[in-house]
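J.: To start, I am sharing the structure in question, which I have written as structure tokens.
Here, each number is a calculation from the coordinates, and none is a lab measurement. None of the values given here were measured: they were computed from a predicted structure. Cβ atoms come from the backbone with ideal geometry, glycine included; neighbour counts cover every protein chain shown.
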Amino acid sequence: MRYISTRGQAPVLSFEEAMLTGLARDGGLYLPETIPTLDAAQIAAMAGQSYEEVAFRVMWPFIGDTFTETEFRDIIARAYQGFGHAARAPLVQLDQGHFLLELFHGPTLAFKDFAMQLIGQLFQAALARSGKRVTIVGATSGDTGSAAIEAFRGLDAVDVFILYPHGRVSDVQRRQMTTPSEANVHALAIEGHFDDAQARVKDMFNDFAFRDGVRLAGVNSINWARVLAQVVYYFTSAVALGAPHRKVSFTVPTGNFGDIFAGFIAKKMGLPIDRLVVATNQNDILHRCLQSAQYVPDGVIPSISPSMDIQVSSNFERALYYAYGCDGAAVAQLMDELKAGGFAVSQGALQALRETFDSGRCDEAETAATITRLRASTGEVLCPHTAVGVKVAEEHLAPGVPMITLATAHPAKFPQAVEAATGLHPALPPRMADLFDRPERVTPVANDLAAIETLISERITA
Ligand SMILES: *Cc1c(COP(=O)(O)O)cnc(C)c1O
């Protein structure tokens, strides 16, 4: 299996190379050259299998010869053994035809653990074999960073630097990043928004001297291996509700478009998905784009669902690549226009996107009201991101097609918003009950590329 860039100008890589690289050298994102498919019999045979077994069957065709079958099965087993639920991704029913897929039973209580725990094990296996070190740099709106630090803390061959927007992540998110005591973990609080943090990380990848000097590796959702890990739970949940014999739809609380893009890949692999519904908070650039074709960032407004406070949605580039008929030059052109302020999606590409994606937006008051209402009608306590998904999903229910809304974080990760809406303070699971007693360690940084690069060069283990 070979991997190509969405902008068509970067070297073609193997799975291992694409995984260790992250962002392509032409600024694009890696995608498999062809998408392997599973037929109806193969999908039907997933019924009743463990999460790990389905994970192996879904991901194996993408791995090429990077790992043997046994190595890859061991990697999967280690990745998910620390989850707090035997099913890994259990389904809960909310209403007739509406289900919640709980993706928050991993070590940092958000869906990012599904990908990050796997990536940690993949990196360790690949680097142990080559004897090389890498420097992992990531930007986070809160959940990616905690998941990355949890996945890489204490690993020999890796230093991990996470940039988060100072003062704009929840206390639980921040403490999950600042309390690990391992020397290879570095939490950096940047002056600015998530988009600033993400832009500086992209700048570092585009500074080839720095990139090669510190052997930079990326674990943001631009990393193909992360997208791949997220494809698995579309299969487990759809099969649990009757696929391939009936269609299902998904609603996905969306920021960087990574999670929902994994659903798009599942569909391309043959999973009978009817609709993929993009759910945004008040930072609704994706919803506006799917409505109007205009993709024009207009500044982030902080919300009670901070992990979706994004206006430059990296993985949307992957969807655009397919919508433009795999034309890398067209994608590169759009991304140039974005640097100058924004772009308009062509009519043909918009039509292609709308064949799969619907969208909706949920404002702050609606998010809070949804948390209150679902608590009353079902007893379920939703995190604000999940509430955005549930509200938008309710507007897209179709008779005879089950809707699965992705529950992206545990309510205890966002206690203020949940308490304001329900009067209940959601408790952390017992395994992390002492989080607020642990000492914190964090380095403030300016929104300045040169300063950040210097800091990283000084800190890494030679
Ligand atoms: C990251 C995150 C999202 C958005 O996921 P994307 O893949 O960036 O679209 C939604 N909810 C939570 C809780 C998250 O951590």
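J.: Suppose we filter Gly154, Gly120, Gly138 for residues that are among the small types (Gly, Ala, Ser), crowded, with 21+ Cβ neighbours inside 10 Å, more than 16 Å from the ligand (Cβ to nearest atom) and closer than 26 Å to Val214 by Cβ; which single one remains?
T.: After ruling out the rest, the residue left standing is Gly120.
J.: Continuing with this model, one more query. Give the residue that is surrounded by the fewest Cβ atoms within 10 Å (Cβ to Cβ), with candidates limited to residues of the stretch 384-411 that are more than 12 Å from the ligand (Cβ to nearest atom) and either of a type in the set (A, V, I, L, M, F, W, C) or in a strand (DSSP E or B) (or both).
T.: Restricting to residues being more than 12 Å from the ligand (Cβ to nearest atom) and either of a type in the set (A, V, I, L, M, F, W, C) or in a strand (DSSP E or B) (or both), the top hit is Ala398.
J.: Give just the number: which of (1) in a loop (DSSP other than H, G, I, E, B); (2) touching a strand residue (DSSP E or B) at 6+ places or on another chain (Cβ under 8 Å); (3) without any contact (Cβ under 8 Å) to a residue 24 or more places away in the chain; (4) surrounded by 15 or more Cβ atoms within 10 Å (Cβ to Cβ) does Gln49 not satisfy?
T.: (2)
J.: Further, regarding this structure: Looking only at the stretch 299-334, filter to residues that are touching a residue at least 60 places away in the same chain (Cβ under 8 Å) and among the hydroxyl-bearing types (Ser, Thr, Tyr); which one of those is farthest from the ligand (Cβ to nearest atom)?
T.: Tyr321
J.: Which condition breaks for Val381 when tested against (1) crowded, with 20+ Cβ neighbours inside 10 Å; (2) assigned to a loop (DSSP other than H, G, I, E, B); (3) not acidic (Asp, Glu)?
T.: (1)
J.: Go through Thr236, Thr251 for me and flag whichever is within 13 Å of the ligand (Cβ to nearest atom), over 29 Å from Ala24 (Cβ atoms) and not aliphatic (A, V, I, L, M).
T.: Just a single option satisfies the conditions, and that option is Thr251.
J.: Could you look through the stretch 412-426, keep only residues that are outside any helix (DSSP H, G or I) and within 15 Å of the ligand (Cβ to nearest atom), and pick out the one that is farthest from Thr254 (Cα to Cα)?
T.: Pro426
J.: How many of the residues making up the stretch 312-353 are more than 28 Å from Thr140 (Cβ to Cβ), not in a helix (DSSP H, G or I) and not hydrophobic (A, V, I, L, M, F, W, C)?
T.: Qualifying residue count for the region: 4.
J.: Can you find a residue that is among the charged types (D, E, K, R), touching a residue at least 60 places away in the same chain (Cβ under 8 Å) and assigned to a strand (DSSP E or B) anywhere in the stretch 121-142? Walk me through it before giving the result.
T.: Let us first name the residues in the stretch 121-142 that are among the charged types (D, E, K, R), namely 129, 132-133.
Narrowing the set further to residues that are touching a residue at least 60 places away in the same chain (Cβ under 8 Å) leaves 132-133.
The next check asks that each one be assigned to a strand (DSSP E or B); those that pass are none.
No.
J.: Separate question: Could you tell me whether any residue of the stretch 362-377 is within 16 Å of the ligand (Cβ to nearest atom), of a type outside the set (Gly, Ala, Ser) and under 20 Å from Tyr234 (Cβ atoms)?
T.: The answer is no, given that none of the residues of the stretch 362-377 is within 16 Å of the ligand (Cβ to nearest atom), of a type outside the set (Gly, Ala, Ser) and under 20 Å from Tyr234 (Cβ atoms).
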